[in-house]
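Peer 1: I'd like to ask some things about the structure below.
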Amino acid sequence: MDKIKLEGIGKKIAVVSGKGGTGKSTFSALLALSLAAKGKKVGLLDIDVHGPNIPLLLGIEGKKMGIGENKKLLPVEAAPNLKVVSTSFMLEKEQALIWRGPIKSNFIRQLAEQTDWGELDFLIVDTPPGTGDEIITLTQLIDLTGTIIVGTPQAAAVYDVRKSIDAMRSTKVKILGLVENMSYVVCPKCGEIIDLFGKGEIKKLAEKEKIGFFGGMPLDPKLRKMTDVGKIELKSIEKEITDLLTKIIKSIE
Ligand SMILES: Nc1ncnc2c1ncn2[C@@H]1O[C@H](COP(=O)(O)OP(=O)(O)O)[C@@H](O)[C@H]1O
Ligand SMILES: [Mg+2]
């Protein structure tokens, strides 16, 4: 498969994980918003055909992409400096998707190829869970700078992170580092830290596999509420999360 020439786009980073619900989309949205808030020009490409959540998280659900003068698709502006393309903009609501691999691959190719992103410093790609067609297609289509793998610390999720590591290694795409989401929750009454799903499991895995570990994100009830209504305010989320994002941005810049 020929790689798509994405001219004028700087770093291209895919966010992946073996499992659904580990917070890939949330993390992708947070990373994209943080980069945009720092003045970077950011594109966020959501290639989850079966459960595209980015528009919901960013409060731009139901929007449609325009067509530019060059007949290319125009991304939806989600915030200053942040342009979004999602499979959901192309699909009718609740359209049943029982697509087979090749159709999905073509769809993703079209989205990536026929979008007029303009100049971007970063393109963040939010992927569906697992190690299936979409991710393999993505690595074949786009010359990725690297991937960030998001996992949660319970054993079954760690197992899936390992599968993602293997899949990424087989594609030769660089793994920039692992992020442990839902590492803990802070009791709102007494401030005690509760390790909901285990402690430090993703970090241990990173060490074992000799991959970078960026850090953990606590489960933040405020963040959950914000994502539910599609209005993420970076200044109102847990400091550990914004600190982690700053650290990751420093490392990928
Ligand atoms: N650190 C977190 N704190 C609070 N809620 C979170 C956190 N990470 C994810 N969530 C919530 O969990 C839900 C599932 O996350 P999502 O990003 O959609 O997972 P994935 O894309 O991996 O399937 C989101 O709707 C979000 O509200
Ligand atoms: Mg998702």
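The values are calculated or read from the model by the stated rules, or taken from the named source; none is laboratory data. Being a predicted model, the structure only gives us computed values, none of them experimental. A quick note on method: Cβ atoms are made from the backbone with ideal geometry, for glycine too, and the neighbour counts reach across all protein chains shown.
Peer 1: Return the residue satisfying two criteria in turn: it lies in segment 41-54 and is closer than 17 Å to Trp117 by Cβ and out of contact with any Phe, Trp or Tyr (no Cβ under 6 Å at 6 or more places or on another chain), and of such residues it is farthest from ligand 2 (Cβ to nearest atom).
Peer 2: Going through the qualifying residues, I end up with Lys41.
Peer 1: Of all residues in segment 142-188, count the ones that are among the polar types (S, T, N, Q), in contact (Cβ under 8 Å) with a residue 12 or more places away in the chain and over 18 Å from Pro218 (Cα atoms).
Peer 2: Residues flagged as among the polar types (S, T, N, Q), in contact (Cβ under 8 Å) with a residue 12 or more places away in the chain and over 18 Å from Pro218 (Cα atoms) within segment 142-188 amount to 4.
Peer 1: I need every pair where a residue in segment 194-222 that is over 21 Å from Ile237 (Cβ atoms) and in contact (Cβ under 8 Å) with a residue 12 or more places away in the chain has its Cβ under 7 Å from the Cβ of a residue that is within 16 Å of ligand 2 (Cβ to nearest atom) and part of a helix (DSSP H, G or I), sequence separation at least 6 or different chains.
Peer 2: Leu205/Val161
Peer 1: Could you check, for segment 170-178, whether at least one of its residues is out of contact with any Gly (no Cβ under 7 Å at 6 or more places or on another chain), closer than 22 Å to Ile124 by Cβ, of a type outside the set (Ser, Thr, Tyr) and at pLDDT 95 or above?
Peer 2: No, that holds for no residue.
Peer 1: Moving on to the next point. Which one is nearest to Lys163 (Cα to Cα) among residues in segment 209-250 that are in contact with a Phe, Trp or Tyr (Cβ under 7 Å, 6 or more places away or on another chain) and more than 12 Å from ligand 1 (Cβ to nearest atom)?
Peer 2: If we take residues in segment 209-250 being in contact with a Phe, Trp or Tyr (Cβ under 7 Å, 6 or more places away or on another chain) and more than 12 Å from ligand 1 (Cβ to nearest atom), then Ile248 is nearest to Lys163 (Cα to Cα).
Peer 1: Shifting gears a bit: Can Asp166 be described as away from ligand 2 (no atom under 16 Å from the Cβ), surrounded by fewer than 20 Cβ atoms within 10 Å (Cβ to Cβ) and not in a helix (DSSP H, G or I)?
Peer 2: no
Peer 1: What are the pairs, 6+ residues apart or on separate chains, where a residue within segment 16-27 that is closer than 13 Å to Gly51 by Cα and acidic (Asp, Glu) has its Cβ under 7 Å from a residue that is within 9 Å of ligand 2 (Cβ to nearest atom) and in a strand (DSSP E or B)?
Peer 2: As it stands, the answer is none, since no pair meets every condition given.
Peer 1: State whether the residues of segment 189-208 include one that is away from ligand 1 (no atom under 14 Å from the Cβ), closer than 25 Å to Glu253 by Cβ, over 18 Å from the mean Cα position of the chain (by Cα) and buried (at least 16 other Cβ atoms within 10 Å of the Cβ).
Peer 2: Yes: one or more hits.
Peer 1: If you take the residues in segment 1-38 that are more than 15 Å from ligand 2 (Cβ to nearest atom) and in a helix (DSSP H, G or I), which one is surrounded by the most Cβ atoms within 10 Å (Cβ to Cβ)? Walk me through how you get there before you give the answer.
Peer 2: Of the residues in segment 1-38, the ones more than 15 Å from ligand 2 (Cβ to nearest atom) are 1-13, 33-38.
Going one step further and asking which of them are in a helix (DSSP H, G or I), we end up with 33-37.
Working: Leu33: 23, Ser34: 19, Leu35: 25, Ala36: 22, Ala37: 18.
The qualifying residue surrounded by the most Cβ atoms within 10 Å (Cβ to Cβ) is Leu35.
Peer 1: Scan segment 47-75 and report the pairs whose first residue is more than 20 Å from Leu138 (Cβ to Cβ) and of a type in the set (A, V, I, L, M) and whose second residue is within 16 Å of ligand 1 (Cβ to nearest atom) and at pLDDT below 90, with Cβ atoms within less than 7 Å and a gap of 6+ or a chain change.
Peer 2: none
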